[in-house]
Structures are given as structure tokens and as C-alpha cells.
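Laboratory data are not the source of any read-out in this text; all were calculated from the coordinates shown. Given the structure is predicted, the values throughout are model-derived calculations rather than measurements. When we count neighbours, we look across all protein chains shown, and the Cβ atoms used for this are built from the backbone with ideal geometry, even at glycine.
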Amino acid sequence: MSAGPKVIGLISGGRQFPVLVARGVKAAGHTLVVAGFAGHTNPEVYPLADVSRELKLGQVTKLIDFFKQNKVEEAMMAGAINKPGVMDIRHLDARAVKLIFALKGKGDDAILRAFTTLLEGEGIRIVPPQAYAPGLMAPAGVLTRRAPDEREWADLRSGAHMARELGRLDIGQCVVLREGIVAAVEALEGTDAAIRRGCELGGAGCVVVKVVKPGQEERADLPSVGLDTVKVMAKGQATCLGVEAGRSLFFDLESTVAFADKAGIAIVGLEGGGLDGMASDGSAPAS
């Protein structure tokens with residue numbers, strides 16, 4: 001990134017991430033141009049912007065024109081988007097239709113990678129949003145007072161492998177399992193809905209694993225968990241969460257761990273996308 005003030009574009013979804021990123025951009029002294037989407041974007045981000053515009057999801061040409069009119073040099077994507085809405089062809093402009101239907105695969109990463117390439121082809125550099133919201137990356141190791149038991153460690157290992165393979169096919173990032181049996185895999189519905197379904201099918205004691213997809217476009221999308229995730233787990237009587245350390249966003253870490261401790265849920269930051277070679281107490285293997 002070049003030194004000095006810049007004009008930064010933020011393509012904003014929902015929840016708290018875009019607000020944290022917007023605050024970071026303004027604190028760094030940059031001009032913030034926000035493109036939001038009706039029904040998706042957290043409205044708290046708009047007052048932080050120097051310029052903002054609300055679009056319909058899929059209006060790619062209008063978004064690019066808006067950024068160019070405001071001399072956006074770099075852009076970021078942050079925040080949750082209702083995934084089924086992305087595929088609603090009624091809201092897609094001609095450019096979006098061409099982009100999506102030219103893809104062989106139409107998973108999240110394929111679409112985001114194509115969109116990133118399109119923006120950069122228009123001279124708008126894509127940068128990672130976490131650069132403006134430091135301290136959100138998931139730490140490694142056991143984060144809660146309770147470490148996973150032997151059965152949960154086994155499910156974490158199996159789940160990490162399964163989630164990587166799921167991600168390799170660009171389907172999702174999350175797997176819910178118990179006793180090695182998969183109860184749910186994440187698709188268009190998102191993590192929380194996958195957890196609810198997995199707990200309904202798998203029963204009490206389910207383990208939730210979420211990792212980065214192999215080769216994922218990490219400037220545009222990272223796995224994320226937080227207090228809402230663990231509350232959904234507690235309601236479904238899931239007992240353990242594994243999330244990839246250093247490459248996943250962990251929101252409200254302190255309050256989430258405190259809630260998990262009260263609920264008896266173990267949380268682990270997985271290193272290297274899984275637990276290969278990790279000891280059952282969560283420590284690194286001996287060298």
C-alpha cells in the first residue's frame with residue numbers, strides 16, 4: 001500500500017466487521033467511500049463514510065461507476081451477505097450475469113475471485129479488510145478453560161480434514177459432526193443455519209469445525225466466528241468449536257470465550273487448517 005491518505009472503497013455487508021473496518025480506515029486518515037446493499041448492509045457503517053451509496057445486490061456496473069466517480073484507489077469487501085440473494089437473477093445486471101454464468105464453478109470463492117479480478121481490471125486494487133481492523137485473527141491453541149476430550153479431539157481432526165475437502169470443492173467452510181459422523185455441511189445457508197441443522201440431526205455433543213478453503217481468495221472472504229456462533233451451538237447442545245488460527249476472524253473473543261466457559265463449550269484455534277500431529281492436550285508436537 002502506498003504511503004499517505006488514500007481514497008478507500010468499502011463494499012459493505014452486515015454485522016460488525018464492516019463497521020470495525022470503516023473505523024480503522026478513518027482512524028488511518030483515509031477518505032472512505034461505502035457501497036452498501038439494501039437488506040444486507042449494517043446501517044451503522046453509513047455515518048462513518050465520507051461518501052456512500054446503497055445499491056441492489058448484483059448491480060456491478062453501478063458499483064464500479066460509483067467507485068470510479070469518487071476516485072477510489074483501493075477497495076475492500078467486509079461483512080456478511082445473504083448468499084441466496086447473490087444468485088437471484090432478477091437483481092443481476094448484465095455484467096453480473098456475464099460474470100457468474102461464465103464460471104465453471106459457482107461457489108462463494110469462485111464468484112468472489114471473479115469479482116476481484118473484474119475490479120482490479122478496472123484499476124481498483126483489492127486489499128484485505130483485516131489490515132484496517134487488527135486483532136481479529138483467531139489465536140492458536142485451546143482458548144477456553146475446558147479442553148476437548150478425546151472424542152472431541154478425534155472429531156476435530158476428522159472435521160478439519162472433511163472441511164478442507166469441502167472447501168476444495170468450493171462448497172463451504174464448516175462441518176458439524178459427532179462420533180466421526182457428519183451431521184451437516186455448510187452450503188448457501190451459512191454457518192449458523194448449518195450448526196442448527198447439524199445439532200438437530202446429530203444431537204447433543206456435536207463438534208463444529210470451520211477452516212479456510214484451499215487456495216481461498218483471502219482478501220475477499222475469511223472464515224469467521226464469534227459470540228453468535230457459540231450461542232447457536234449452546235442452544236443446539238454442541239460442545240466443541242474448532243476454527244483455523246491466524247487465518248480466520250474471531251469477533252468478540254473475550255466475551256465469546258467467557259460465554260463458552262459458562263456453557264461448557266471448548267474452543268480451539270486450529271493450526272495449519274487442522275490438528276495433524278497435535279497432541280490431545282492441544283499442544284504442538286514435540287520436535
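Exposure proxy for Lys231, Lys210: other Cβ atoms within 10 Å of each Cβ, ordered fewest to most, give Lys231, Lys210.
Computed 3J(HN,Hα) for the range 179-190, one whole-Hz value per residue from the Karplus formula 6.51 cos²θ - 1.76 cosθ + 1.60 where θ = phi - 60°, is 6, x, 9, 6, 9, 7, 10, 6, 9, 5, 6, x, glycine and proline marked x. Spherically averaged projected area of the convex hull of Cα atoms, the range 134-233: 6.7 nm².
In percent, rounded to a whole number, the relative contact order of the range 141-270 is 30, using alpha-carbon pairs under 8 Å and six or more apart. Between the amide H of Ile126 and those of Ala75, distances stay under 5 Å, these residues lying 5 or more places away or on another chain, with hydrogens modeled in the peptide plane. For Val142, the residues whose modelled amide H falls within less than 5 Å of its own, excluding neighbours fewer than 5 places apart on the same chain, are Gly269. Taking amide H as placed 1.01 Å from N in the peptide plane, Glu54 has its amide H under 5 Å from the amide H of Gly36, each at least 5 places away in sequence or on another chain.
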